[in-house]
Each structure stands twice: as C-alpha cells, then as structure tokens.
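Only one structure is covered here, and it is reproduced in the block below.
The values are calculated or read from the model by the stated rules, or taken from the named source; none is laboratory data. Since we're looking at a predicted model, the values are computed, not measured. Here Cβ is always computed from backbone atoms with ideal geometry, including for glycine, and neighbour counts include all displayed protein chains. Each accessible area value is taken on the protein alone, full model and side chains, heavy atoms only, with ligands, DNA and RNA left out. Shrake-Rupley method; radii C 1.70, N 1.55, O 1.52, S 1.80 Å.
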Amino acid sequence: MRGMPLFTGVGVALVTLFREDGAVDAPATAGLAAQLVDLGVRCVLVAGTTGEAAALTAEERDALVGAVRAALPAEVPVLAGTGAATGRQAAELTGRAFAVGADAVLALSPPGVPDPRPYYAAVAEAATGPLLAYHFPTASAPGIPVDLLPDLPVSGLKDSSGDAGRLLHECDVFTGDLYTGAASLVGVCGSIGAAGALVAAANVAPELCVAAWGGDADAQVRLAAVDRGASADFPAGYKRAAGERFGTSVVTRVGG
C-alpha cells in the first residue's frame, strides 16, 4: 500500500536566482518560492537541475535550502537536490541538506551507471527523512531501469523523461510517491492517481500547472506551449520567463 505522499499536486523545480555579479541571491530565491506557494505550489525543489545545481557549491546549497525553508509555511515541504557522480558525494550533500532544514531530498541517478542500487543505498544511509530517486536520462544517462525501482530504498520517484508509457509502467510497479517532471504530463499524472508533478514550468505559470493537474485539458495544452518556449534555452528560458512575470534576475551560471 502507498503511504502518505510527501505532497500531492504541483511542486516547482525552482530556479536559483543570482545577482549581477554571479553570486547566489538566497533571499530573492526564497522570495520567489513564497510567491509561487501563494499561487498554488505545494512543494519547492531547491538545487535541482533547473536550479543549476551543478554550478553551486555545497555552502551555496546550504544557504538556499535554509532561506527557502524559512520563507515558507511549515506544511509546504522543501525538497533538496542532492544527486552527484558518486554515492559518497550524494550522501554528503544529503546529510548537509537535512541539517539545514530540508524536509526531503531528491537524488539524480549517477551518470554511466546501469544499476544504481548501490548508489541509492549509500544515499539512504545518510538520509534522515524521505529520499526520492530522480530519473532524467537527458541530464544523467542511462537513468533508472523501471524493473529496479521496487529494489531502491526510496519513498518516491521523479521521472523527467517525458515518456508517458514509462510513467504508466512506473505507476503499475512502483508503490512509492510518483511525480512527473514533464509539463506535458501533468494532467496525465492527475488522472492516473500519481502523487503529483515537480516541474520547471511552475516558475512561470503555476496556475496553469495547478489547473492541468486538476484535469483542465485546455490548461494542459496552454501549459505545454509555455513550457516549449521556456525550455528551448535551458535553464535561461525559464529564468527569462519568470523574470518577465515576477521581475526576478535572469542571470545564469550554466553555460556562462
């Protein structure tokens, strides 16, 4: 049986805001997170792929997690990205994340590893709260084979592959919290009983995300169009779109 999910509905894969000199702006990032929560977001992922995690130091991650946690209501979980190239590195980031206030962590599967079970076992030893696996082969190939999901010591999974067939397969074999990272599948997740969505598009159009999750087909079509435009230049496109709406910084480190 499935337990109580970390959250249900729409979560945001939050962008990380930088000042003009390239320094992390943790207060501004936390302020954007609070605005998105007011618009219906139910979970905030800090230092994920969209948050340019690969370009952040461990200390910057700490500052971001702490600032976002302090800015949000207690009932809105803060999820910290802690994936790394090795289980040892991911375990260290995981321990730090929980120490500075994360409610749960999301660990991207390691690159070039066809069987990530030992990796997740190492991360789980350092986790003092929920651990979610993260399948995103575009960012870290090959990702997580579906048939290994039941063997992972995790409470949930984020799947950003955008593969609807795989999502349905996961729903059939995986008993943990299941979240899509694809804006095009938000409505599908809502209709098949998955826990929710953790999407970058919620930085830009949280209301459309919430409506799509609730079964609004028109909102899903419009959300997919918004996401196509913003994702074409990742992650800068999401930052520009968020900046147009919320007046936030468009400075990026990735690709800079």
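A count restricted to region 192-224 and to residues that are assigned to a helix (DSSP H, G or I) and either β-branched (V, I, T) or open to solvent by 50 Å² or more (accessible area, probe 1.4 Å) (or both) stands at 8. The residue that is surrounded by the fewest Cβ atoms within 10 Å (Cβ to Cβ), among those in region 159-181 that are in a loop (DSSP other than H, G, I, E, B) and in contact with a strand residue (DSSP E or B) (Cβ under 9 Å, 6 or more places away or on another chain), is G162. Each residue in region 225-256 was checked for being small (G, A, S), touching a helix residue (DSSP H, G or I) at 6+ places or on another chain (Cβ under 8 Å) and open to solvent by 80 Å² or more (accessible area, probe 1.4 Å), and 1 pass. Scanning region 127-144 finds no residues that are outside any loop (DSSP other than H, G, I, E, B) and open to solvent by 50 Å² or more (accessible area, probe 1.4 Å).
For region 5-58, a residue qualifies if it is closer than 16 Å to V105 by Cα and either without any contact (Cβ under 8 Å) to a residue 12 or more places away in the chain or not in a loop (DSSP other than H, G, I, E, B) (or both), and the qualifying residues are G11, V12, A13, C43, V44, L45, V46, A53, A54, A58. If you check L148 against the conditions, is it of a type in the set (A, V, I, L, M, F, W, C), farther than 24 Å from V44 by Cβ and open to solvent by less than 50 Å² (accessible area, probe 1.4 Å)? Yes.
Remark: V226 falls outside the filter, which requires a residue to be closer than 14 Å to L14 by Cα, at pLDDT 95 or above and of a type in the set (V, I, T).
Summed over region 155-185, the residues that are of a type outside the set (K, R) and in contact (Cβ under 8 Å) with a residue 40 or more places away in the chain give a count of 10. Scanning region 1-18 for residues that are open to solvent by 50 Å² or more (accessible area, probe 1.4 Å) and out of contact with any Ser or Thr (no Cβ under 7 Å at 6 or more places or on another chain), we see that the one that is modelled with the lowest pLDDT is M1. Tell me, please, whether a residue that is in contact (Cβ under 8 Å) with a residue 24 or more places away in the chain and assigned to a loop (DSSP other than H, G, I, E, B) can be found in region 87-99. Within region 87-99, none of the residues are in contact (Cβ under 8 Å) with a residue 24 or more places away in the chain and assigned to a loop (DSSP other than H, G, I, E, B).
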